[in-house]
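Below is one structure, written out as structure tokens; comments come after it.
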Amino acid sequence: MSQLLLAVLFITLQNNQTAVSAIAPAEKRECQVAGTVVGHEGGEPIKNARVVLRPEGTNAPGKHYGLKTGEDGKFCFSNVPPGRYRLDAQRNGYVTQTYEEDDPSSSGPILAVAKEKKLEGLVIRLIRGGVISGKVLDADGEPAPGILVQALLPQDSVEPLWEAEGHDTSGMPKNGLVATQGTITNDLGEYRLAGLQPGEYLVNAVDTGGDLSMLSLSGSAFTFPEDDETLDKSAPTYYPAATRMEQAEKIPLKAGGYVSADIQLRHEKTVTVSGIVVREDGKPGSASFVTIANSDPETSYSRLNSQTDENGHFSISHVMPGNYTLAATSFEHDDMTEGLNARQKLEVGQQDVKDLRVVLAKGLTVTGKFSMEGGAISKLSNSYVALVGKDDDFSRGSSGPDKDGNFKITSLEAMTYQLILLNLPEEYYLKRVTYNGQSNPDHLVQIEPGVPPGKLELVVSSHPATIAGTVEDSNHAPVGGVTVVLHVGSGQGKSPSSPNHVITDQNGKFSFRGAAPGSYTVVAKKRSKSGSQPDSGETSFKVSEDEQKTITVKLQTNGT
């Protein structure tokens, strides 16, 4: 959960500047996608709103188009190639929203742009953003500069939307938090979190030690590369002065509302974790990177690290009591190919943890080979295999296959992994997985302690099924902005690794390409506003190779 929280925070801390092709306003050009940006409450036109038309999907190819609205709030895109697009609008003082979002927690439709057809009269209604601001004070009541302040929403307030979008939330802690906005206090200890959507927030403050140059983002967690034991850092503190999430006060925020919230930092006993990193031959693991990560949901940032000296010694201070995973990785040049690693569980109490001995090892290597049915191995040059711990967050990935389809995954530990094939072109599907000579329909790879790993064989076919359809309401009218999830087997079954989920366009249309033959259930869900139960519907069916399956899903109001 902490990795998800901080990945979201990392995104929020960026400038969020999308690379777009700016289009200058023109009085007399033919509009292909056109509409107006207005205020959600009064419907007044919003001038200088930034409108972006972008291809659907984070990594979707194609050009982004961007412009600003005029005095009348209108926008006009011309010469847009056919495709599926998202249409977003943002303006200072408002919450960034997508076309036909009822609120920031619901989904708007994908816009299907067809050749020589116009989409006109589109209206994007922006909600005024709320503001939470105040001061962060240290334990002596003095202003605290350089403090990371976050606006957090309880996970259960956004979990229904995640489920509707196809995310598996079964393994997520139910009392977790999601960071939606973050900032750093100035020299007066002041902070301001603006553009917030309506909701009930927790706000917390994380002491960076007063030196922002120390703060970096490694992967998806905040780290302090040069931890200074002389720093007297406070514990992560929730508004108004709580070091535990359950003791924090919620801050209700209405659309366009303003709340002042000062935070008093608190000290909590922390300890130092120290020890030595060695190789299997007993030589010191110098220049190794040591990390301890805490996955407790109430922890604001959960990863601290250190680098070993020439004798392999490390020391990490300011560690709060809790359960951690300690990981060490060698950074010596001759170890970079195979990667020397170590991982172990660590329980931290009220006393310093001393004399840890961490043994680096090369880990295990799984070799594999792709074979193709109806295609060339070169088509998989950008595809790769990931092994994700079934009961652990440990994962490793392969490089792309070589010209003969061979690949390998290194630095593995003995455990059970879920195999996921990523970046597979949509005209193919993963037909068969064999591990250690045995067919594996669940795509699980079990590496036993003390037993050499087996070989993976992956068969990819160029004969997938295509599933397409329409989502309709009770009056047989198409419904856009519906999240459609493809499940294997019954509606409660797991989602296939690919394809995953899609959102219907303005005509209620959706499609899945690259589906393996078998039994499926399509589940459709749409929420009309935050906190409401989604309208939903589902249908089950079977498909075979090369089949073009067309279905209709009927939405039932509030699941009735």
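Computed quantities for the displayed model
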read-out: Filter pass, Glu457 being buried (at least 18 other Cβ atoms within 10 Å of the Cβ) and among the acidic types (Asp, Glu); value: yes
read-out: Residues within the stretch 435-465 that are among the hydroxyl-bearing types (Ser, Thr, Tyr), touching a residue at least 24 places away in the same chain (Cβ under 8 Å) and outside any loop (DSSP other than H, G, I, E, B), tallied; value: 1
read-out: Options Arg84, Arg50: the member that is open to solvent by 30 Å² or more (accessible area, probe 1.4 Å), over 24 Å from Ser511 (Cα atoms) and at pLDDT 90 or above; value: Arg50
read-out: Leu424 being buried (at least 16 other Cβ atoms within 10 Å of the Cβ) and within 28 Å of the chain's Cα centre (by Cα); value: yes
read-out: Test result for Lys362, charged (D, E, K, R), modelled with pLDDT under 90 and open to solvent by 20 Å² or more (accessible area, probe 1.4 Å); value: yes
read-out: Verdict on Thr325 being at pLDDT 90 or above and either open to solvent by 50 Å² or more (accessible area, probe 1.4 Å) or of a type in the set (Ser, Thr, Tyr) (or both); value: no
read-out: Residue among Pro236, Pro284, Pro252, Pro240 that alone is surrounded by 16 or more Cβ atoms within 10 Å (Cβ to Cβ) and modelled with pLDDT of 90 or more; value: Pro284
read-out: Counted residues, the stretch 346-377 - those being assigned to a strand (DSSP E or B), within 33 Å of the chain's Cα centre (by Cα) and under 23 Å from Ser462 (Cα atoms); value: 5
read-out: Top-ranked residue of the stretch 378-421 - restricted to ones that are open to solvent by less than 30 Å² (accessible area, probe 1.4 Å), assigned to a loop (DSSP other than H, G, I, E, B) and hydroxyl-bearing (Ser, Thr, Tyr), ranked as modelled with the lowest pLDDT; value: Ser398
read-out: Filter result for Gly480 (modelled with pLDDT under 90 and either part of a loop (DSSP other than H, G, I, E, B) or β-branched (Val, Ile, Thr) (or both)); value: no
read-out: Complete set of residues in the stretch 86-102 that are under 15 Å from Gly35 (Cα atoms) and in a strand (DSSP E or B); value: Arg86, Leu87, Asp88, Ala89, Gln90, Gln97, Thr98
read-out: Any hit, the stretch 341-349, residues being of a type in the set (Asp, Glu), more than 25 Å from Leu421 (Cα to Cα), modelled with pLDDT under 90 and open to solvent by 50 Å² or more (accessible area, probe 1.4 Å); value: no
read-out: Meets criteria (open to solvent by 70 Å² or more (accessible area, probe 1.4 Å) and either of a type in the set (A, V, I, L, M) or under 19 Å from Val502 (Cα atoms) (or both)) for Glu472; value: no
read-out: Residue in the stretch 127-142 that is surrounded by the most Cβ atoms within 10 Å (Cβ to Cβ), counting only those that are among the hydrophobic types (A, V, I, L, M, F, W, C) and at pLDDT below 95; value: Ile127
read-out: Selected residue (only one of Ala60, Ala26 is at pLDDT below 85, open to solvent by 40 Å² or more (accessible area, probe 1.4 Å) and among the hydrophobic types (A, V, I, L, M, F, W, C)); value: Ala26
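So that you can scan it fast, the table gives a plain yes or no per residue for (1) at pLDDT below 90; (2) on the phi < 0 side of the Ramachandran plot; (3) of a type in the set (S, T, N, Q):
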{"site": "Leu430", "(1), (2), (3)": "no, yes, no"}
{"site": "Pro441", "(1), (2), (3)": "yes, yes, no"}
{"site": "Gly450", "(1), (2), (3)": "yes, no, no"}
{"site": "Lys455", "(1), (2), (3)": "no, yes, no"}
{"site": "Val459", "(1), (2), (3)": "no, yes, no"}
{"site": "Ala468", "(1), (2), (3)": "no, yes, no"}
{"site": "His476", "(1), (2), (3)": "no, no, no"}
{"site": "Ser495", "(1), (2), (3)": "yes, yes, yes"}
{"site": "Pro499", "(1), (2), (3)": "yes, yes, no"}
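The values are calculated or read from the model by the stated rules, or taken from the named source; none is laboratory data. In this text the structure is predicted, and so the values were computed from the model without any measurement. Cβ: placed from backbone, ideal geometry, glycine included. Neighbour counts: every protein chain shown. These area figures cover heavy atoms from the full protein model, side chains too; ligands, DNA and RNA do not enter into them. Shrake-Rupley method; radii C 1.70, N 1.55, O 1.52, S 1.80 Å.
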